[in-house]
Amino acid sequence: MKEFAVFWGCTIPTRFPFLEKSTRTVLDAFSLPYRDVDGFTCCPEKSLINNIDPTLWKLTAARNIAVADDEGVDVVSPCTGCVSNLSTVKKGLKTNPKEAEEVNAVLKKAGREFKGAADLTHLVPFFHDKIGIRKIKDLMKKDFKGMKIAVHYGCHMIRPSHALGADDPISPKKFDNLLAALGASPVKARNKLMCCGQGLDRVNQHDNALHLARIKLRELKSEGADALVVCCPSCFLQFDNNQFLMEKEGEKFGIPIIYFTELLGLAIGFTPEELAMNSHRVSVEPFIKKWEGRDTTEASEAIEEELSDAGVFGL
């Protein structure tokens, strides 16, 4: 596999370093050729920067891609927002030579040039497409059979589809396929593709942000979900931190929020302590206790059947 750089973004290193820990732990366990690259900055975040100064947004994203181009590496990120922003700018500049020329005229002053050669991928489609279900199952030590786990795609892993091309934006399957590979029983939530609402907090609409989170959490509680698995630090912030705030005010959901790399890390044999899962605001202890207390039978024919029904390829 070609060496790739991890684009951490801003939120994970500054607010959720334990998510960086679980990501590094899993990447190391799969012996993947990743490295850190000096020079990356904020992606930048779309809802604020693009609305204030679209030119600055494009220049910043183009510069980050140029850094990867100069290093000759592809980019994989555990942040869906970063991949979405970078991919949107890359697609726009690759299809608009005049705009790319204008951007490069500015980047030249900083000794950079946007070429758009670097491939940009989020961890979920990366593990689904590049690592593959079979490799994951080869490393898996303990499945999640019997655990009811909901998947939250969020907005940015599948949109804008014209720039990402990562999955079907209307009926995505890759995150579900990975969950099925780990043996979990998926929760069929009506609001599965609903926005988490965290972006509203950035524009001083905290009550509306909580309202959207509340809709999802209430549904998951009614469906008896053991956990919600996310793949975006903003979604994690919304469902973990804001759920904690709502529970402090008397609303009881008790839905543990687990990052994709944490779930994968547990499956391949790491302890919750090794993955720093005690750093969550909403305790994951009920999920871990139930998981550790059930039958430890390895992934079976039932999982194979579930994978087949989910349309997983390469089995």
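The values are calculated or read from the model by the stated rules, or taken from the named source; none is laboratory data. Computed from a predicted model, the values in this text were never measured in an experiment. Every residue, glycine as well, gets a Cβ built from its backbone with ideal geometry; the counts of neighbours run over all protein chains shown.
Matching residues to (1) of a type in the set (Val, Ile, Thr); (2) at pLDDT 95 or above; (3) surrounded by fewer than 23 Cβ atoms within 10 Å (Cβ to Cβ):
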{"residue": "Thr80", "(1), (2), (3)": "yes, yes, no"}
{"residue": "Thr95", "(1), (2), (3)": "yes, yes, yes"}
{"residue": "Glu102", "(1), (2), (3)": "no, yes, yes"}
{"residue": "Ala105", "(1), (2), (3)": "no, yes, yes"}
{"residue": "Lys115", "(1), (2), (3)": "no, yes, yes"}
{"residue": "Arg134", "(1), (2), (3)": "no, yes, yes"}
{"residue": "Phe144", "(1), (2), (3)": "no, yes, no"}
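Just a yes or no: is a residue in the stretch 146-156 surrounded by 16 or more Cβ atoms within 10 Å (Cβ to Cβ) and in a helix (DSSP H, G or I)? Explain how you work it out, then say what you get.
Restricting attention to the stretch 146-156, the residues satisfying the condition of being surrounded by 16 or more Cβ atoms within 10 Å (Cβ to Cβ) are 147-156.
Still in the running and in a helix (DSSP H, G or I): none.
There is no residue in the stretch 146-156 that is surrounded by 16 or more Cβ atoms within 10 Å (Cβ to Cβ) and in a helix (DSSP H, G or I).
Of (1) within 17 Å of the chain's Cα centre (by Cα); (2) under 30 Å from Gly224 (Cα atoms); (3) surrounded by fewer than 18 Cβ atoms within 10 Å (Cβ to Cβ), Pro125 satisfies all except one. Which?
Here Pro125 meets the rest and fails (3).
This table checks each residue for (1) of a type outside the set (A, V, I, L, M); (2) under 21 Å from Arg112 (Cβ atoms); (3) in a helix (DSSP H, G or I).
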| residue | (1), (2), (3) |
| --- | --- |
| Leu19 | no, no, yes |
| Thr25 | yes, no, yes |
| Ser31 | yes, no, no |
| Asp38 | yes, yes, no |
| Cys43 | yes, yes, no |
| Asn50 | yes, yes, yes |
| Leu59 | no, yes, yes |
| Val89 | no, yes, yes |
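Considering only the stretch 214-290, give the helices (runs of 4 or more DSSP H) lying wholly within it that have at least 2 residues that are farther than 16 Å from Glu20 by Cα and not β-branched (Val, Ile, Thr). I'd like the intermediate steps shown before the answer.
Details: elements: 233-236, 242-248, 260-267.
Here the list reads 242-248.
Which of the residues spanning the stretch 94-146 are under 18 Å from Ala66 (Cβ atoms) and in contact with a Gly (Cβ under 6 Å, 6 or more places away or on another chain)?
Lys94
Any idea which of Ala61, Ala105, Ala110 is farther than 25 Å from Met1 by Cα and in contact with a Cys (Cβ under 8 Å, 6 or more places away or on another chain)?
On the way: Ala105 fails: in contact with a Cys (Cβ under 8 Å, 6 or more places away or on another chain); Ala110 fails: in contact with a Cys (Cβ under 8 Å, 6 or more places away or on another chain).
Just a single option satisfies the conditions, and that option is Ala61.
Quick test of your reading of the structure: Pro233 fulfils all but one of (1) buried (at least 18 other Cβ atoms within 10 Å of the Cβ); (2) in contact with a strand residue (DSSP E or B) (Cβ under 7 Å, 6 or more places away or on another chain). Name the failing condition by number.
(2)
Of the residues Ala62, Ala68, only one is touching a residue at least 60 places away in the same chain (Cβ under 8 Å) and buried (at least 24 other Cβ atoms within 10 Å of the Cβ); which? So that I can check it myself, show each step before the final result.
Numbers: Ala62 fails: touching a residue at least 60 places away in the same chain (Cβ under 8 Å).
From the options Ala62, Ala68, the qualifying one is Ala68.
Could you tell me which numbered condition Gln198 fails, if it satisfies all but one of (1) in contact with an Asp or Glu (Cβ under 6 Å, 6 or more places away or on another chain); (2) crowded, with 20+ Cβ neighbours inside 10 Å; (3) among the polar types (S, T, N, Q)?
Result: Gln198 fails condition (1) only.
Out of Asp168, Asp138, Asp119, report the one residue that is under 30 Å from Glu223 (Cβ atoms) and among the acidic types (Asp, Glu). Full working, then the answer.
On the way: Asp138 fails: under 30 Å from Glu223 (Cβ atoms); Asp119 fails: under 30 Å from Glu223 (Cβ atoms).
None of the others qualify; the one that does is Asp168.
If you go through the stretch 247-271 one residue at a time, how many are modelled with pLDDT of 95 or more, surrounded by fewer than 20 Cβ atoms within 10 Å (Cβ to Cβ) and over 19 Å from the mean Cα position of the chain (by Cα)? Break it down stepwise before answering.
Just the residues of the stretch 247-271 that are modelled with pLDDT of 95 or more, to begin with: 253-271.
Within this subset, residues satisfying the condition of being surrounded by fewer than 20 Cβ atoms within 10 Å (Cβ to Cβ) are 254, 268-271.
With the extra rule that they be over 19 Å from the mean Cα position of the chain (by Cα), the set shrinks to 254, 269-271.
Here the count works out to 4.
Here are Lys188, Lys216: which of them is in contact with a helix residue (DSSP H, G or I) (Cβ under 8 Å, 6 or more places away or on another chain) and of a type outside the set (Val, Ile, Thr)? Before you say what the answer is, go through the steps one by one.
Numbers: Lys188 fails: in contact with a helix residue (DSSP H, G or I) (Cβ under 8 Å, 6 or more places away or on another chain).
Exactly one of Lys188, Lys216 is in contact with a helix residue (DSSP H, G or I) (Cβ under 8 Å, 6 or more places away or on another chain) and of a type outside the set (Val, Ile, Thr), namely Lys216.
What number of residues within the stretch 191-211 satisfy the criterion of being out of contact with any helix residue (DSSP H, G or I) (no Cβ under 7 Å at 6 or more places or on another chain), part of a helix (DSSP H, G or I) and not charged (D, E, K, R)?
Going residue by residue through the stretch 191-211, those that are out of contact with any helix residue (DSSP H, G or I) (no Cβ under 7 Å at 6 or more places or on another chain) are 192-193, 203-207, 211.
Subsequent filtering for residues that are part of a helix (DSSP H, G or I) retains 203, 206-207, 211.
In the following step, the residues that additionally are not charged (D, E, K, R) were identified as 203, 206, 211.
Selection size over the stretch 191-211: 3.
Any residue at all in the stretch 159-169 that's charged (D, E, K, R), in contact with a helix residue (DSSP H, G or I) (Cβ under 8 Å, 6 or more places away or on another chain) and assigned to a helix (DSSP H, G or I)?
no
Regarding the stretch 124-134, can at least one residue be identified that is farther than 30 Å from Ala213 by Cβ and of a type in the set (Phe, Trp, Tyr)?
Taking every residue of the stretch 124-134 in turn, none turns out to be farther than 30 Å from Ala213 by Cβ and of a type in the set (Phe, Trp, Tyr).
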